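Bear in mind these aren't lab numbers, they're just calculated from the coordinates by the rules spelled out. All of these numbers come straight from a predicted model, not from anything done at the bench. Backbone-built Cβ (ideal geometry, glycine too); neighbour counts: all protein chains shown.
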Amino acid sequence: MGYLDGFRVTFKKLFEERLTRDYSKHNPDPDAKAPTALRRHGRHVLNRYEDGMEKCIGCELCAGVCPARCIYVRGADNPPDDPVSPGERYGYIYEINYLRCIHCDMCVEACPTEAITETKLFEFSFTSREDAIYTKAELVVGDDGKPRQLPWEDWSDIDRVAPMTSAWMRATAPSGDADFVGRVAWSGELGFGVKEPERGQSAEEGEVDTGEADAIFAHPGEPGGRAAHDPPPGSEGHRDAGGSA
Ligand code: SF4
Ligand code: SF4
């Protein structure tokens with residue numbers, strides 16, 4: 001009869017407050033989506049140029065570099081009278097298996113044409129393996145340049161996050177070379193045109209929220225607190241409350 005205890009716990013939980021709605025402690029509205037980090041890696045899209053042509057040229061570099069082996073690409077020659085991409089070839093088949101993707105962004109780094117990028121969408125779940133394998137028809141952006149919205153995806157903030165794609169960060173980063181600071185290295189994109197260059201790593205005073213760090217350093221003698229010059233917990237040289245190194 002012990003298994004009835006399990007049912008009793010489950011039944012009791014049905015009437016308790018659901019904590020998963022309030023998934024951001026910084027969000028005053030528990031029903032609103034949490035602000036998305038600028039560099040978050042989410043669901044991919046296949047981009048198109050401003051004239052509507054697809055950027056993917058079917059080179060398979062993304063599939064070759066993927067550590068999870070979750071991309072399947074097949075290229076084909078462009079029809080001369082109705083080309084799909086500006087190159088000789090285009091991505092004829094394109095699939096990503098989201099049961100395996102670890103969102104490392106290496107496919108984005110490898111792509112020579114900025115065709116594959118990752119959006120900020122991380123709220124998508126499936127009820128079948130077939131749904132987890134996104135096909136080209138689902139990955140290529142629509143005529144407005146925005147990602148297609150599948151029934152199991154939460155795109156309620158699409159207007160805010162759709163223009164933010166990961167490769168834009170890569171393509172406009174100066175990589176330490178001062179000659180390239182502020183220079184746009186991003187080709188035009190359907191719906192969003194040419195984006196402004198990424199801002200530098202430094203921020204103006206007052207633009208950074210230091211509240212969490214301030215709270216840690218405010219009471220160095222209390223549990224979880226430390227002085228600004230102390231090494232962080234877990235690092236070499238850290239001393240715990242008992243004073244051992
Ligand atoms: S993000 Fe990483 S794991 Fe996912 S498809 Fe790209 S290379 Fe593969
Ligand atoms: S997405 Fe980029 S890397 Fe992958 S096949 Fe297309 S052009 Fe090549």
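Summary table
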item	result
Rg/Rg_ref, the range 44-180, where Rg_ref = 2.2 N^0.38 Å and atoms are Cα	1.06
Neighbour-count ranking [beta-carbon atoms within 10 angstrom, fewest first] of Arg43, Arg170, Arg148, Arg8	Arg8, Arg148, Arg170, Arg43
Cross-link reach list, lysines versus Lys136, counting only Cα pairs under 28 Å and skipping chain neighbours closer than eight places	Lys33, Lys55, Lys120, Lys146, Lys195
Only Lys, Arg (+1) and Asp, Glu (-1) charged, at Cβ; the range 44-180 dipole about Cα centre in debye	460 debye
Pair Val65, Asp157: separation of 7 Å Cα→Cβ label points (nm)	2.7 nm
Check: the range 109-148 dipole with +1 on Lys, Arg Cβ and -1 on Asp, Glu Cβ, in debye	60 debye
Whole-percent pair-distance distribution, where bins are 5 Å wide, for the alpha carbons of the range 49-108	4, 20, 25, 19, 16, 11, 5, 1
Theoretical gain in end-to-end length, Glu95 to Lys33 [0.36 nm per residue, Cα-Cα removed]	19.5 nm
13 Å beta-carbon shell around Arg69, net charge (K/R +1, D/E -1)	-1
Full-extension gain in nm, Ala76 to Lys13, via 0.36 nm per residue minus C-alpha separation	17.3 nm
